[in-house]
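S.K.: Input: one structure, supplied below.
Since every read-out is calculated from the coordinates, none of them should be taken as a lab result. Because the structure is predicted, anything quoted here is derived from the model rather than measured. In this analysis, Cβ positions are derived from the backbone assuming ideal geometry, glycine residues included, and neighbour counts consider all displayed protein chains.
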Amino acid sequence: MKKKDVIKSLIREFHYRPLPDFIPRAGLIPTDLDKIITVIGPRRSGKTFRLYQIATEVLKTHHKKSIIFLNLEDERLDLAVQDLDLIIQAYRELYPDQDLSQCTFFFDEIQNVTGWEKFIRRVYDTLSRRIFLTGSNAKMLSIEIATSLRGRSISYEILPLSFREYLTFKNITYDRYIPELQAQIYNALDEFIEYGGFPELVTIRDKEIKFKILQEYYQVMLFRDLIDHYAIKNIVALKYFLKRLMGSATKEVSVNRIFNDLKSADIKIGKNSLYAFFDYAESIFMVRTLTKFSFKLPIREFGERKVFVIDTGLLNALIYRFTADKGKAVEQIVYWELQRRSEQIFFIKNGFECDFVTMAADGSDPNAIQVCLDLRDGLTRKREIKGLVGACKKLDLGKGIIISFDENEEIIDQEIKIKVIPLPQFLCENRWVRR
């Protein structure tokens, strides 16, 4: 079948079939901005279904035939950049009377077509300003948007489910004042820690299948998004590097140390290649790094960094079970929740350590947050309070937060008011959301 006929078939399939069922995700993505809306995030995090959610909104005011929806990972499509105009030709031949300026374009996983940005810019400039894209490579998309689509595009990030969304997917109501719900909430939290927040896994009951699916996610990221996309030849070094990166979750990571370990194992790889691997892993949302706080910009930019893996379930399926160190799992979950809520996040380490400092983009509205599984052990309690108080004094704050697994307490130490709150309360209540 010719490429244009394949495109026609896919366009008609979308118009003929009902949209798949979906549970709406949190966060508003506007449909009427006259901007190219780019939805970015890791594979299997729900970007496609977010497009369906947007399409549902569009259908409130537009006919379904006015929507062009194509998944560029569909094996039936094998499009190069010079083939993209066939989409316009195919649609015009199917619907010669349709005004293209009233059409809405959805392109899922747009990065699969090298050079896509010129086509999208032409569609935006000459045909329609209702364009929605998804992609799984943040840095690649940002470079192309910055060069070719500057001023025309706005990006929104889709991560795996937050715990609040996870409860919604499991049809569990959050209310800390109803004792009967607490067991359900904490059972769900234990599952969330063990298996993570990728939407597909919520309804799967078999534990081994969950981990097999997560391992498959990793294989796709490894081979398609890293090895194939970046043409990486030293696969042995890459696999070892990623294993060390994931094993360093919630900790400071040293590329230099990994380089020396590879050298000792007689695996030849340049240090610059390892830094490139790190950059690639961040670009596909496998990991993200947290910068050490300093009032001096060079120290913030080039100082120590902690690494966080995109999902606790993915980490459990690949490296080890976080149940052996539940505190690190809680820290991971808090980090990603803060990513959803905060413009800037740092950690502080200066004779004391505070897990997170958040603030607005202009440096205003700082918050100091410590994460601890529990404060029952005296030494742990002393260490965690010391770190939080130190951060509060450094930032001239009169109060701070400790997030525990299930404790609720108020502490005053050196005139600093400390609120200890349970993890579900932090994750689910709007009062703990800065914006």
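S.K.: Dividing the alpha-carbon radius of gyration of the stretch 224-302 by 2.2 N^0.38 Å (N being the number of residues), what value is obtained?
M.R.: The value comes to 1.16.
S.K.: Sticking with this structure for a sec: Considering the Cα positions of the stretch 178-432, please state its Rg to one decimal place and its Dmax as a whole number of Å.
M.R.: 19.3, 59
S.K.: Then there is this: Calculate the radius of gyration of the Cα atoms of the stretch 96-202 to one decimal place, then report Dmax, the largest Cα-Cα distance, as a whole number, both in Å.
M.R.: Gyration radius and largest Cα-Cα distance of the stretch 96-202: 20.3, 61 Å.
S.K.: Could you please state, rounded to a whole Å, how far the C-alpha centre of the stretch 364-389 is from the C-alpha centre of the stretch 219-287?
M.R.: 32 Å
S.K.: Quick one: among VAL39, VAL287, VAL220, which has the greatest mean-square fluctuation in a GNM of the chain with alpha-carbon springs under 10 angstrom?
M.R.: VAL220
S.K.: In addition: Starting with the fewest neighbours, write out MET286, MET1, MET246 ranked by other beta-carbon atoms found within 10 Å of each beta-carbon.
M.R.: Fewest to most other Cβ atoms nearby, the residues stand as MET1, MET246, MET286.
S.K.: Residue by residue through the stretch 24-36, which ³J(HN,Hα) values in whole Hz follow from phi under the Karplus form 6.51 cos²θ - 1.76 cosθ + 1.60 (θ = phi - 60°), with glycine and proline marked x?
M.R.: With coefficients 6.51, -1.76 and 1.60, one gets x, 8, 6, x, 8, 10, x, 10, 9, 8, 6, 10, 6 Hz.
S.K.: Quick check of the Kirkwood formula: for the stretch 3-157, what is the inverse mean of 1/r over all pairs of different Cα atoms, in Å?
M.R.: Kirkwood hydrodynamic radius for the stretch 3-157: 15.7 Å.
S.K.: If you don't mind, another one. With the cut-off at 26 Å, tell me which of the pairs LYS251/LYS382; LYS8/LYS47; LYS2/LYS60; LYS271/LYS394; LYS239/LYS263 have Cα atoms farther apart than that.
M.R.: LYS2/LYS60; LYS271/LYS394
S.K.: For SER142 and ARG12 in the same chain, what is the full-extension length gain: residue separation times 0.36 nm, less their Cα-Cα distance, in nm?
M.R.: 43.7 nm
S.K.: Can I ask one more? Direction-averaged shadow area of the convex hull around the Cα atoms of the stretch 183-334, nm²?
M.R.: 10.6 nm²
S.K.: While we're on this one: List SER45, SER254, SER283, SER404 from most exposed to least, where exposure is judged by having the fewest other Cβ atoms within 10 Å.
M.R.: In order of increasing Cβ crowding within 10 Å: SER254, SER283, SER404, SER45.
S.K.: Starting from the Cα of LYS210, draw a straight line to each of the aspartates and glutamates and keep only those under 16 Å, dropping any in the same chain fewer than 8 residues away.
M.R.: ASP190, GLU191, GLU194, GLU200, ASP311
S.K.: Still on this structure: Determine the dipole magnitude for the chain: charges of +1 sit on the beta-carbon of Lys and Arg, -1 on that of Asp and Glu, nothing else is charged, the reference point is the Cα centre, and the result goes in debye to the nearest 20.
M.R.: Magnitude of the dipole: close to 780 debye.
S.K.: Let me check against my output: what whole-number percent is the relative contact order of the chain, with C-alpha pairs under 8 Å and at least 6 apart?
M.R.: The value is 12 percent.
S.K.: So what does the Cα-only Debye profile of the chain read at q = 0.09, 0.10, 0.12 Å⁻¹, as log10 I(q)/I(0), no solvent term?
M.R.: At q = 0.09, 0.10, 0.12 Å⁻¹ the computed log10 ratios are -0.65, -0.79, -1.10.
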